[in-house]
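Report on the structure given below.
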Amino acid sequence: MVLTTIDSAAYNAMQAPQGPVHINCAFREPLDHSNQNWSFDCLRGLDRWFRNDEPYTRYLEMKMVSAFGNYSCSVIEVQDIIKKAKQGLLLVGAIHKEDDMWAVALLARQLSWPVAADILSGLRMRKVLNSFPGFDKSILFIDQIDQILLSDSVKSWINPDVIVQIGSRITSKRMEMFLESCFPSSYILIDTHPCRHDPSHVVTHRIQTSVADFAASLCQCNLERKTSRWKDILMVLNSAVSQEIMFHVHAEFLLTEPYVAHVIGEALYGDAAMFVGNSMVIRDLNMFGKGWLDHTTNGDNMMMHNIPDFIGATVSGNRGASGIDGLLSTAIGFAVGSNKHVCCVVGDVSFLHDTNGLSLLNQRAQRKPMTVIVINNHGGAIFSLLPVAKTASPQILQKYFYTSHDISISKLCDAHRVKHFLVQTKAELHDTLVKTHAEHLDCVVEVENQIDENANFHRTISMFVDNTATHYLEYLLGDLYSSTTSDLDRMYNTKIHAIEYMLYRYVRNHLICSPLIPGITLKPSFAQNPAFCTSYFRNFR
Ligand SMILES: Cc1ncc(C[n+]2csc(CCOP(=O)(O)OP(=O)(O)O)c2C)c(N)n1
Ligand SMILES: [Mg+2]
């Protein structure tokens, strides 16, 4: 932290406009009582810096040094690093322009690295334009990276050697912590602005340029499309975890917050955009949000032209994952500025922090109608998932952390003459989203929920996902699967179209599994693991 701060201070002090630099000192996370002892581990990853006299982070510009399109030595050095990468990962943070989304897609194709796209990148909620199996494999999206990282064994296995990050700000705290601990040999951050953005203190090359220019500079390098076992395993892990999540959100009868996050892409009709509120909303969307198959656009045409078979959907938010003030008003400003139908999703406390936004909504400035989805769990649900929930008494939690309330959102909407819908079931949610779109007017959709149920459901999903990722990795790395690429490919593509029935029997905590599927045999150690068996067979369904 000290190194990257001093690097950035020195760089900024010497760049135009030169001058004094103000340094902020970071304090520990609030509300987290865990003591942290000094550990020499924090010097890990500094070997390269100790060995040479270069700054820790190099600040580069994408300058051509001749009229023949040659780049400066430092840019060539970056191209070289990318060329030599064995386990490269492309990370896409917050980006807002559609052109940038296209440029990222083209860059992803050029690199042929796995892509981890943040919810604010617009590529997570991408609309898939065709459903031909395998075609979208031209870009390997690892949408479930945050959830995959729940597994400690996967966390220590992933180990990317080069990371290229486009756009600042990564929503996932787990991802940020992973980046702090994995120490790739090069971490290249591309963004158009000159400001520092390195919360994990890992950036080794900071390039101030647009994605399009960066992608163009890589065209010169003739990068080969490399296949690797690492990539294939990541693909299978992502697919297994995604199916595990899908199973849980759909199998639960009640309308849950992860379910809302999972299906909300449905509300993005045409070129609609999304504004996400903070606290649980942005985290849930980042964990469970997914792309959407769009039958209304003609994908054939795009395939012919060899451009990506999806379109990004603009997703915006305020100040990372915190700051619950002024969200509704910001969303309205965003709707005016973007001139799109905006679907805004916020928590109840955030909504109540900005009820003045309702009067702005009522004024109907020059903009398209908005759908405001309020996830009403009657308080700040985020605190039920923080360490404080384990130590504080229920009364203290309710009163001072959750700030539980029973304020009527419907009456507030009435007072501002804004149409209000209450949604309590999955079917009601789907019907209401269709209705609000058809009616073409501003409305608030209140989704009713409870904090404790939400916390329990999140814990259940996390536990199953962790198990699934851990066991899949163990299986894929184990000798049973001395996997070649084609094996893994087959595993990914395997579809069993019909299964008549399956027998399970529990005998003293051991699952005796008699699957009636020809050709699949399980190692005894796996067959004795109930969690693995259930998720394994479910994922093959
Ligand atoms: C302006 C401001 N005040 C207080 C906080 C602290 N805070 C963070 S999340 C949160 C609760 C948010 O509740 P809600 O909007 O209902 O979302 P949920 O956690 O239920 O998803 C609070 C009070 C903040 N981040 N910003
Ligand atoms: Mg809430």
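Residue pairs whose Cβ atoms lie under 9 Å apart, sitting 6 or more positions apart in sequence or on different chains, and linking a residue in the stretch 392-406 that is among the charged types (D, E, K, R) to a partner that is within 13 Å of ligand 1 (Cβ to nearest atom), are 406/378.
Could you list, in sequence order, all residues of the stretch 377-392 that are assigned to a helix (DSSP H, G or I) and not basic (Lys, Arg)?
Step one: filter the stretch 377-392 for residues assigned to a helix (DSSP H, G or I), giving 381-385, 388-391.
Within the stretch 377-392, 381, 382, 383, 384, 385, 388, 389, 391 meet the criteria.
If you go through the stretch 331-372 and keep only what is open to solvent by 50 Å² or more (accessible area, probe 1.4 Å) and within 16 Å of ligand 1 (Cβ to nearest atom), you end up with 353, 356. The residues of the stretch 409-424 that are open to solvent by 60 Å² or more (accessible area, probe 1.4 Å) and part of a loop (DSSP other than H, G, I, E, B), listed by number, are 417, 424. Given the structure, is residue 190 in contact with a strand residue (DSSP E or B) (Cβ under 8 Å, 6 or more places away or on another chain), surrounded by 21 or more Cβ atoms within 10 Å (Cβ to Cβ) and more than 23 Å from residue 281 (Cβ to Cβ)? So residue 190 passes the test.
Can residue 163 be described as closer than 27 Å to residue 236 by Cβ, crowded, with 24+ Cβ neighbours inside 10 Å, touching a Cys at 6+ places or on another chain (Cβ under 9 Å) and not hydroxyl-bearing (Ser, Thr, Tyr)? Steps first, answer last, please.
Numbers: closer than 27 Å to residue 236 by Cβ: yes; crowded, with 24+ Cβ neighbours inside 10 Å: yes; touching a Cys at 6+ places or on another chain (Cβ under 9 Å): yes; not hydroxyl-bearing (Ser, Thr, Tyr): yes.
Judged against the criteria, residue 163 is a match.
Criterion first (under 18 Å from residue 258 (Cα atoms) and surrounded by 14 or more Cβ atoms within 10 Å (Cβ to Cβ)) does residue 397 satisfy it? When the stated conditions are applied, residue 397 does not pass them.
State yes or no: is residue 386 open to solvent by 20 Å² or more (accessible area, probe 1.4 Å), more than 27 Å from residue 107 (Cβ to Cβ) and at pLDDT 85 or above? Explain how you work it out, then say what you get.
Numbers: open to solvent by 20 Å² or more (accessible area, probe 1.4 Å): yes; more than 27 Å from residue 107 (Cβ to Cβ): yes; at pLDDT 85 or above: yes.
Against the criterion (open to solvent by 20 Å² or more (accessible area, probe 1.4 Å), more than 27 Å from residue 107 (Cβ to Cβ) and at pLDDT 85 or above), residue 386 qualifies.
In the stretch 33-62, the residues that are in a loop (DSSP other than H, G, I, E, B) form Cβ pairs under 9 Å with partners that are basic (Lys, Arg) and open to solvent by less than 80 Å² (accessible area, probe 1.4 Å), at six or more places apart or across chains, as follows: 54/48; 56/48; 57/206.
Scan 260, 203, 281 and give me the residue that is surrounded by 23 or more Cβ atoms within 10 Å (Cβ to Cβ) and either modelled with pLDDT under 90 or assigned to a loop (DSSP other than H, G, I, E, B) (or both). Spell out the reasoning first.
Details: 260 fails: either modelled with pLDDT under 90 or assigned to a loop (DSSP other than H, G, I, E, B) (or both); 281 fails: either modelled with pLDDT under 90 or assigned to a loop (DSSP other than H, G, I, E, B) (or both).
After applying the criteria, what remains is 203.
If residue 8 satisfies every condition in (1) part of a loop (DSSP other than H, G, I, E, B); (2) at pLDDT 75 or above; (3) within 26 Å of residue 184 (Cβ to Cβ); (4) not acidic (Asp, Glu) but one, which is the exception? Condition (1) is where residue 8 drops out.
Give me the pairs: first residue in the stretch 411-426 and within 13 Å of residue 351 (Cβ to Cβ), second residue open to solvent by 70 Å² or more (accessible area, probe 1.4 Å), beta-carbon distance under 8 Å, and six or more apart or on different chains, which are they? From the stretch 411-426, the pairs are 413/419; 420/414.
When residue 406 is tested against (1) part of a loop (DSSP other than H, G, I, E, B); (2) more than 15 Å from ligand 1 (Cβ to nearest atom); (3) charged (D, E, K, R), just one condition goes unmet, and that condition is (2). For the stretch 26-43, the set of residues classified as open to solvent by 100 Å² or more (accessible area, probe 1.4 Å) and either of a type in the set (A, V, I, L, M, F, W, C) or modelled with pLDDT of 80 or more (or both) consists of 27, 38, 40, listed by residue number. Exactly one residue among 135, 178 is at pLDDT 90 or above and among the aromatic types (Phe, Trp, Tyr), and that residue is 178.
Counting only helices (runs of 4 or more DSSP H) wholly contained in the stretch 313-376, the ones carrying 2 or more residues that are free of Cβ contacts under 8 Å to residues at least 12 places away in the same chain and either in contact with a strand residue (DSSP E or B) (Cβ under 6 Å, 6 or more places away or on another chain) or outside the structural domain of residue 94 (by the TED database) (or both) occupy 327-338. Name every residue in the stretch 78-107 that is among the basic types (Lys, Arg) and in contact with a Lys or Arg (Cβ under 9 Å, 6 or more places away or on another chain), in order of residue number. Across the stretch 78-107, the qualifying residue is only 86.
If you go through the stretch 91-132 and keep only what is assigned to a loop (DSSP other than H, G, I, E, B), touching an Asp or Glu at 6+ places or on another chain (Cβ under 7 Å) and either modelled with pLDDT under 90 or of a type outside the set (Gly, Ala, Ser) (or both), you end up with 124, 129, 130.
Pairs linking a residue in the stretch 143-157 that is closer than 12 Å to residue 472 by Cα and touching a residue at least 12 places away in the same chain (Cβ under 8 Å) to a residue that is basic (Lys, Arg) and part of a helix (DSSP H, G or I), with Cβ atoms under 9 Å and 6 or more positions apart or on different chains, are 148/155. When residues in the stretch 50-75 are screened for being open to solvent by 80 Å² or more (accessible area, probe 1.4 Å) and modelled with pLDDT of 85 or more, 3 of them pass.
The values are calculated or read from the model by the stated rules, or taken from the named source; none is laboratory data. None of these values were measured; they are calculated from a predicted model. Positions of Cβ are generated from backbone atoms using ideal geometry, with glycine treated the same way; all protein chains shown enter the neighbour counts. Heads up: the accessible areas ignore ligands, DNA and RNA and are worked out on the full protein's heavy atoms, side chains in. Shrake-Rupley method; radii C 1.70, N 1.55, O 1.52, S 1.80 Å.
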